[in-house]
Every structure is written in C-alpha cells, then in structure tokens.
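Asker: Okay, handing you the structure first.
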Amino acid sequence: MKIVADENMPYVEALFGHLGTIERVNGRLLAPEQLIDIDVLLVRSVTKVNQDLLSKANKLMFVGSATIGTDHIDLTYLKQRNIPFTNAPGCNATAVGEYAFIAMLELAKRFNQPIKNKVVGIVGAGNTGSALEKCLNAYGMKVLLCDPILQKSAADERQFVSLDTIIEQADIISLHVPITKEGADKTWYLFDEARLLQLRENTWLLNCCRGEVIDNQALIKVKRQRDDLKLVLDVWEGEPHPMAELVPLAEFATPHIAGYSLEGKARGTFMLFEKLCHILKLPHDKSVSSLLPPFFLNQLSVAEQPTETQLLSLARLVYNLNDDDELFRKTFLNHNGFDHMRKNHTHRREFSALSLVNTGACKVNWVYKLGFSGVER
C-alpha cells in the first residue's frame, strides 16, 4: 500500500507505518502526478481535494482529512468516484475551546478586566464552540449561544439567541462557525463593516474558525476608528498571507494554530487511522495516549481556590499564548513564515496534560471541569 500524507500531519508513521510505504508532501503544493498509483491520501485543510487534484489518482481507495471542516473537499466528486472519505470532527475541539478561554484570561490580565462577570457570546455552537462553552460554564460565566442551524434541531435542547442579541449584549464574542458561502445562514463575511460597527463599546472579538468569517479589510478600517475593540485572531483572510496591516491591530495574533495541541493532532490522525482499519477490516491495538509524550510536570498541588491570575498561571504551564503571538509577529512576513510556524508547532498541550491535586480544604471541582486532570483529596 502506498500512502501520501501531508508533511505537517503528526503520528502518521507511528499509526500507518505498518500498512505500507509513506510519502510526505507539501499539502499546499500537492500535484495530480504525485497521486499516480497511490492508495491512501491523508490531508489537512490546506489541500483542495477536487477533480483536478485527483485526475491522475488511478488507485486511490481512501481519503482522510485530519480536520473538522470539509470545505476543502469535493465530497460529491469523491462519492462519484466511490472513494471512501472521513474527516475528524471534534479532534481539536478541546484545544480550540481552551485557546479561546486562555486568550480571554490573557486579555483580562492585560487590561485589568476580570472576565468572571462578562457575558460571552459564542457564534457557532458545534464541537469547538461547545468546548469553549464547557470552559466558561465551569468558570461560572454567562454564555449566549448563536447557531441558527442547531437551533432548528430538536436534538439540541440548549437555548439559542440571534446574532443581533449577541452583538447587543455580549462583552466578548468568540467565532466558531464553518465557512459557507450560500444560503440564509451563510458565514462568509458574517461580520462585515456594518456588523463590526454595531459591536458594543470595549467588545473583545475572537476568531478561531475561518478568516473569511470576518471581512478583514473592513476589520482594519473599523479597528482604526475604534481602538476600544480588542481582537484575538488565529485565522486570516487570504492565508497563508494575512493582511500585514491587520496583524499589529490584534492583541493576540497566531497562524491558525488554535487547534494545534499535541492531543488534538494525535486524535485527528488517529481518527483517520481507525476509519481506514475499519474499511480494511484490520484489527489494531493502538491508542491516542500511547502516542503522546509525558508532560514535563507530573502533578501540581492546589491548596486553595485559584484566583483568576493564578488560573492564568496554571493555564500558561500548559500553553503560553504570548510565546506564539511574539513569534508570529516576528516571522509572518518571512518567506513561508506562516506555514513554517505551523509546521514546527509541537509544544502545545491541553489542560488534561496537567494533573492537579487538591491538598486544601476548599472545593475546586470547577478546575477539573475546565479540563485539568486530577482528583480531590
């Protein structure tokens, strides 16, 4: 079996190595000729899997994308070719939710505005939005959810509000929608100049989904008029070439790595591996935990209720957003700087990597509900 895999996809050799030969490729530059006599194609969101790319794929029997979204995949064409496909919904949801929560804690410290009493509007209540909701609920914050698609589903019993309500009432708005260009609920330029101008004074706006959910040119214009707006941008219109004028206007800027925890990466690749094994009817004894390196801290004692500042310190042990922000600003204009930073992003962990032991009398169950591992004593 011949397997072509994106060079930035981790754990491919550990999971797929025994199934055949593996060729690593640049996902953005993958050409049709590289898929001749290839059995398995493993991609990320930077690869457009369509009729053009697969025009010479004469043996392809499986396509897997270690991503939540499928907007880069021509699902209709794959179905016509009878090529099985799977993506990895939810693989990095925890990482994205924690990224957004950590960013809020960082903004709180920077501007001396505790987030506990702020209202957070989550636009898009799927896997990643729900992961953020979990963190915010654990911390005892008021959350407003906006998701017209899920609102129509009888299976989701949560309460939803309109986007107008989010804009009117939320102190913090975090975006977690897929990119869609058609229909009444399309998300392309969901936040255009008009909506950006409607944001409440001192709104914090976070985008961890797709750059084009916000009109970036309009965002530059509005931000220059309104310094009260604070931005956290992990995604950018025109990636991997963000608008250079926009980066300095963001409080935190990173190269589409909100979901790049080691845990999330391992889950994504593992989900593709499991699906291929199912198709091939092959048993396996591998697991996500077996892929991960040990965390540098075995465990940490917690003797009292953490303050918000102490909570940020705990979060920084797992992931310090400032490091990625600083590196991104220094390198994003370099040749392939955006992708180089993504490729070499190998340090990020999730809250679950840190084990906390409560050695005091205070109840800190909410800390474990955030995602940290450990138990009360």
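The numbers here are math on the coordinates, done by the rules we state, and not lab data. All of these numbers come straight from a predicted model, not from anything done at the bench. Don't worry about glycine lacking a Cβ; one is built from the backbone with ideal geometry, like all the others, and counts go over all protein chains shown.
Asker: Efficiency by 1/(1 + (r/R0)^6): what FRET value for GLN113 and ARG224, r their Cβ-Cβ distance, R0 = 22 Å, to the nearest 0.05?
Answerer: Working: r = 22 Å, r/R0 = 1.01.
Efficiency at R0 = 22 Å is approximately 0.50.
Asker: What number in nm² do you get for the chain if you take the convex hull of its Cα atoms and divide its surface by four?
Answerer: Its Cα hull, projected and averaged over all orientations, spans 19.6 nm².
Asker: Run the dipole for the chain about the Cα centre, Lys and Arg Cβ at +1, Asp and Glu Cβ at -1, nothing else charged, and hand back the magnitude in debye, nearest 20. Walk me through the intermediate numbers first.
Answerer: Working: 42 positive and 45 negative charges, 106 e Å.
That gives the chain a dipole magnitude of about 500 debye.
Asker: Could you tell me the center-to-center distance, by alpha carbons, between segment 1-77 and segment 129-159 in angstrom?
Answerer: 34 Å
Asker: With a Förster radius of 30 Å, plug the Cβ-Cβ distance of LEU297 and LYS369 into 1/(1 + (r/R0)^6) and report the FRET value to the nearest 0.05. Mind dumping the intermediate values first?
Answerer: Values: r = 20 Å, r/R0 = 0.67.
So, using R0 = 30 Å, E works out to roughly 0.90.
Asker: Okay, moving on. With springs only between Cα atoms under 10 Å apart, run a GNM on the chain and tell me which of SER162, SER174, SER301 wobbles the most.
Answerer: SER301
Asker: Further question on the same structure: Lys and Arg at +1, Asp and Glu at -1: add these up for the other residues within a Cβ distance under 12 Å of LEU321 and post the number.
Answerer: Working: positive: LYS109, ARG110, ARG316, ARG348; negative: GLU98, GLU106, ASP234, GLU251, ASP323, ASP324, ASP325, GLU326.
Result for the local shell: -4.
Asker: If you don't mind, there's one more thing I want to ask. Determine the dipole magnitude for segment 93-253: charges of +1 sit on the beta-carbon of Lys and Arg, -1 on that of Asp and Glu, nothing else is charged, the reference point is the Cα centre, and the result goes in debye to the nearest 20. Walk me through the numbers before you get to the answer.
Answerer: Working: 18 positive and 23 negative charges, 80 e Å.
Roughly 380 debye, rounded to the nearest 20.
Asker: On a full-extension model of 0.36 nm per residue, what is the gain between LYS152 and CYS362, subtracting their alpha-carbon distance, rounded to one decimal in nm?
Answerer: Details: separation 210, 0.36 × 210 = 75.60 nm, distance 4.16 nm.
Between LYS152 and CYS362, full extension yields an extra 71.4 nm.
Asker: Continuing with this model, one more query. Over the chain, with a Gaussian network built from C-alpha contacts below 10 Å, which listed residue (PHE296, PHE328, PHE85) shows the highest mean-square fluctuation?
Answerer: In the Gaussian network model the winner is PHE296.
Asker: Diagonalise the Cα gyration tensor of segment 292-370 and give the resulting equivalent ellipsoid semi-axes, square root of 5 times each eigenvalue, largest first, whole Å.
Answerer: Numbers: eigenvalues 209, 38, 13 Å².
Each semi-axis is the square root of five times an eigenvalue, giving 32, 14, 8 Å.
Asker: Just want to confirm a number: the relative contact order over segment 84-195, from Cα pairs under 8 angstrom separated by 6+ residues, in percent. Let's see the in-between values first.
Answerer: Working: 148 pairs, mean separation 29.4, N = 112.
This gives 26 percent for segment 84-195.
Asker: Springs between alpha-carbon pairs under 10 angstrom, Gaussian network model over the chain: which of LEU231, LEU262, LEU219 fluctuates most?
Answerer: Highest fluctuation of the listed residues: LEU219.
Asker: Here's another thing I want to ask about it. Quick test of the membrane-span-like rule: which DSSP H helices of the chain reach at least 20 Å along their long axis (C-alpha atoms) with mean Kyte hydropathy at least -0.5?
Answerer: The answer, listed by residue number, is 93-111, 262-280.
Asker: For segment 221-377, what is the convex hull volume of its Cα atoms per residue in Å³? Mind showing how you got there, number by number?
Answerer: On the way: hull volume 25.5 nm³, N = 157.
Per-residue hull volume (Cα only) is 163 Å³.
Asker: Compute the signed sum of charges (Lys and Arg +1, Asp and Glu -1) over the other residues within less than 12 Å, Cβ to Cβ, of TYR77. Don't skip to the end; give the middle numbers.
Answerer: Details: positive: LYS48, LYS79, ARG81; negative: ASP52, ASP74.
Taking every Cβ under 12 Å from that of TYR77, the sum is +1.
Asker: Let me ask something else. Do any trypsin sites (Lys or Arg not before Pro) in segment 271-312 lie in a DSSP loop with no more than 10 other beta carbon atoms within 10 Å, and if so, which? It would help to have the intermediate numbers written out before the result.
Answerer: On the way: sites: LYS275, LYS281, LYS286; in loops: LYS281, LYS286.
Taking segment 271-312 and a limit of 10 other Cβ atoms within 10 Å, the loop trypsin sites (Lys or Arg not before Pro) found are LYS281.
Asker: Which part of segment 201-219 falls in the paramagnetic zone of ALA194, meaning amide N under 20 Å from the point 7 Å along Cα-to-beta-carbon?
Answerer: Output list for this probe position: 201, 212-219.
Asker: Run the dipole for segment 292-370 about the Cα centre, Lys and Arg Cβ at +1, Asp and Glu Cβ at -1, nothing else charged, and hand back the magnitude in debye, nearest 20.
Answerer: Numbers: 9 positive and 8 negative charges, 34 e Å.
Result for segment 292-370 is approximately 160 debye, rounded to the nearest 20.
Asker: With point charges of +1 on the Cβ of Lys and Arg and -1 on the Cβ of Asp and Glu, referenced to the Cα centre of the chain, which listed residue (LEU327, ASN87, ALA31) lies farthest in the positive direction of the dipole?
Answerer: ASN87
Asker: Loop by DSSP (not H, G, I, E, B), at most 10 other beta-carbon atoms within 10 Å: where is the longest site-free stretch of the chain for GluC sites (Glu not before Pro)?
Answerer: Details: sites that count: GLU157, GLU182, GLU201.
Segment 202-377 is the longest.
Asker: To continue, here is another question. Running Debye on segment 139-298 with equal point scatterers at the Cα sites and no solvent, what base-10 log of I(q)/I(0) appears at q = 0.12, 0.21 Å⁻¹?
Answerer: Each listed q corresponds, in turn, to -0.70, -1.32.
Asker: Which residue, GLN217, SER153, ILE102, has the largest displacement toward the positive end of the dipole of segment 93-253 when charges sit on each Cβ (Lys, Arg +1; Asp, Glu -1)?
Answerer: ILE102
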